[in-house]
Amino acid sequence: MGGPGNTDKIMAGLGFQFNTLITQANFPIRPSEPRSEDEIEIFDPRCLFNEEKGFVLLKEAKLFRPNYEHGIRFAEQCGKMEMTLPERKSFVIFLHEPWKDPYGRPRVICFYRNAEARGLNLYFSGLETLGSSCILAGIRPHSPR
């Protein structure tokens with residue numbers, strides 16, 4: 001976590017589509033010296049889940065809840081490398097503290113990758129069930145929390 005860019009600079013350098021609401025104003029990241037190295041672990045719960053169950057599944061896997069910076073940094077790193085996800089599991093959901101969009105709807109960062117494209121979007125938080133093509137991102141810290 002940390003680095004030279006803010007959200008707007010990171011988004012401009014992605015090289016793939018992103019939701020235009022993912023900006024420095026809405027998801028502030030301050031340029032800073034790297035302050036920690038967290039491993040973002042992709043976790044397939046192998047079942048349908050909602051947000052509440054997602055938190056339980058992350059905890060059972062001994063993973064911490066991500067924040068939105070994890071999702072943005074993940075997209076930044078994925079823009080620079082080849083990434084393989086099973087086609088049927090192409091949406092990586094970051095269950096961070098939801099951000100309220102201009103209409104007051106809670107949203108979380110979602111990275112998607114399919115055969116045609118990759119991108120960073122905002123997924124509606126609090127849905128009854130997340131789709132069967134969704135997997136979770138959890139955090140396995142390298143430094144003590």
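The values are calculated or read from the model by the stated rules, or taken from the named source; none is laboratory data. Everything quoted here is computed from the prediction, not taken from an experiment. No Cβ is skipped: glycine too gets one built from the backbone with ideal geometry, and neighbour counts run over all protein chains shown.
The listed residues are Arg65, Arg30, and the only one of them that is surrounded by fewer than 19 Cβ atoms within 10 Å (Cβ to Cβ) and touching a residue at least 40 places away in the same chain (Cβ under 8 Å) turns out to be Arg65. Considering segment 34-66 alone, what residues qualify as being of a type outside the set (D, E, K, R), touching a Lys or Arg at 6+ places or on another chain (Cβ under 8 Å) and farther than 13 Å from Ile135 by Cβ? Hits for segment 34-66 are Phe55, Phe64. If only residues of segment 20-54 that are out of contact with any Phe, Trp or Tyr (no Cβ under 8 Å at 6 or more places or on another chain) and at pLDDT 95 or above are counted, the one that is farthest from Phe91 (Cα to Cα) is Ala25.
With respect to Thr7, is the statement that it is of a type in the set (Ser, Thr, Tyr), at pLDDT 85 or above and over 21 Å from Gly138 (Cα atoms) true? The answer is no for Thr7. Apart from one condition, Gly5 fits all of (1) closer than 20 Å to Ser125 by Cα; (2) surrounded by 16 or more Cβ atoms within 10 Å (Cβ to Cβ); (3) not β-branched (Val, Ile, Thr); the exception is (1). Count of segment 89-145 residues, restricted to those that are modelled with pLDDT of 85 or more, out of contact with any strand residue (DSSP E or B) (no Cβ under 8 Å at 6 or more places or on another chain) and either among the charged types (D, E, K, R) or surrounded by 21 or more Cβ atoms within 10 Å (Cβ to Cβ) (or both), is 1.
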